[in-house]
1. In the list 26, 60, which residue meets the criterion of being at pLDDT 95 or above, crowded, with 19+ Cβ neighbours inside 10 Å and under 22 Å from residue 264 (Cα atoms)?
2. Within the bounds of region 348-356, is there any residue that is closer than 24 Å to residue 420 by Cβ and touching a residue at least 40 places away in the same chain (Cβ under 8 Å)?
3. Taking the residues in region 57-96 that are touching a strand residue (DSSP E or B) at 6+ places or on another chain (Cβ under 8 Å) and assigned to a loop (DSSP other than H, G, I, E, B) as candidates, determine which candidate is nearest to ligand 1 (Cβ to nearest atom).
4. What residue, among those in region 126-147 that are within 16 Å of ligand 2 (Cβ to nearest atom) and at pLDDT 95 or above, is surrounded by the fewest Cβ atoms within 10 Å (Cβ to Cβ)?
5. Within region 383-400, is even one residue out of contact with any strand residue (DSSP E or B) (no Cβ under 7 Å at 6 or more places or on another chain) and within 16 Å of ligand 2 (Cβ to nearest atom)?
6. Could you check, for region 98-108, whether at least one of its residues is loosely packed, with under 15 Cβ neighbours inside 10 Å, within 16 Å of ligand 1 (Cβ to nearest atom) and closer than 27 Å to residue 324 by Cα?
7. Can you name the residue in region 425-444 that is near ligand 2 (Cβ under 10 Å from one of its atoms) and touching a strand residue (DSSP E or B) at 6+ places or on another chain (Cβ under 7 Å) and is also nearest to residue 405 (Cα to Cα) among such residues?
8. Please indicate, with yes or no, whether at least one residue in region 156-178 is assigned to a loop (DSSP other than H, G, I, E, B), at pLDDT 95 or above, touching a helix residue (DSSP H, G or I) at 6+ places or on another chain (Cβ under 8 Å) and within 16 Å of ligand 1 (Cβ to nearest atom).
Ligand code: PEP
Ligand code: CO
């Protein structure tokens, strides 16, 4: 790895200066003329979000850094083009809204809602190839790049998929915007309250009680006020995805018409993955030049000094709300690893929001070969993260989850005790295992308990 002094001058950021740095996890396209055609087209298409929205999210994350809000980020590991459906989008929005309701009402926290949605189409892979039996093919890298089916033609990188991904992102975002602006996200709407829990879930009763108190509170507010708050009828909902595929991210990075600099307008909140966050790398170069708030994943082997260096590089002016460090360490390892990271960042004086991703350090293989995660490991890592932050006089300010609003069978355990034998029944993920609706709601209640601890 290059040390900062050996890097090309960092002051000369351009939207394509990332090309001067080594880029990991990038697809190669055999037909470069075809790639160029798609890239040029993408550069001319309208942005998906506005710089005003991006600035608003940065301000909200700054509030979370100050302790007056909490970040809830969640969605698929990898979105798929086939799942760009009304039901799938609505159910993801619904579970995130209901989780945030639990947190707002239970933990008395303002919630910043961010979906892993409307662009989470590119995946880093630990191996370039996948072998099944006698056949070895290129790995699936997400619908933005190739297709999941184990077939030579489907696994070929196709530049036109970037355009399909942009379009799916726009369709998804359009539906999210209309749902979050009223009706569906209106606290008076019954859909908001419906709980599709199985009746024997221990959290069902707790949720119903909470809903009853909330209804009373709403009635009270509307009785005494002739001017009810707009917040009761709509919500802010932001999008995020891993900024992995650099040409795609470059094409959506635009200079603001109001002269406030460059923004990635393909999403509100890009994040840099654990595998592509090295200081000398192209991903850091592209992201350091934009104004968006951004996440950086931090794994168990991260060097605290390097993380501090990285935060400085991405946020030289120590701008509030800009950097969210998302630690994903693994249950049982948090106590040993996290304090050094927290202390190094605190000593540097850099402002960050600390968020726990209790998913990516807890992936295991079931006997059947399914990639899975144990609910207890997810919860265990989350609880340890809360405890360690408290001990270090720091604050855990959010959670980053892989979840779906549907009744999938991808993670083990939870109140219904999903077992290895159940995994095959609704194992629908194209990448990592997600919490199902009920497991996600259980996590929301557990987070509430943790936040309320003195
Ligand atoms: C992910 O969030 O899906 C992911 C690949 O995470 P990480 O970079 O933390 O491994
Ligand atoms: Co994942």
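The values are calculated or read from the model by the stated rules, or taken from the named source; none is laboratory data. Because the structure is predicted, anything quoted here is derived from the model rather than measured. Positions of Cβ are backbone-derived with ideal geometry, glycine not excepted, and every protein chain shown enters the neighbour counts.
1. None of the other options fit; the residue is 60.
2. No, region 348-356 contains no residue that is closer than 24 Å to residue 420 by Cβ and touching a residue at least 40 places away in the same chain (Cβ under 8 Å).
3. 77
4. 139
5. No: zero hits.
6. There is no residue in region 98-108 that is loosely packed, with under 15 Cβ neighbours inside 10 Å, within 16 Å of ligand 1 (Cβ to nearest atom) and closer than 27 Å to residue 324 by Cα.
7. 434
8. There is no residue in region 156-178 that is assigned to a loop (DSSP other than H, G, I, E, B), at pLDDT 95 or above, touching a helix residue (DSSP H, G or I) at 6+ places or on another chain (Cβ under 8 Å) and within 16 Å of ligand 1 (Cβ to nearest atom).
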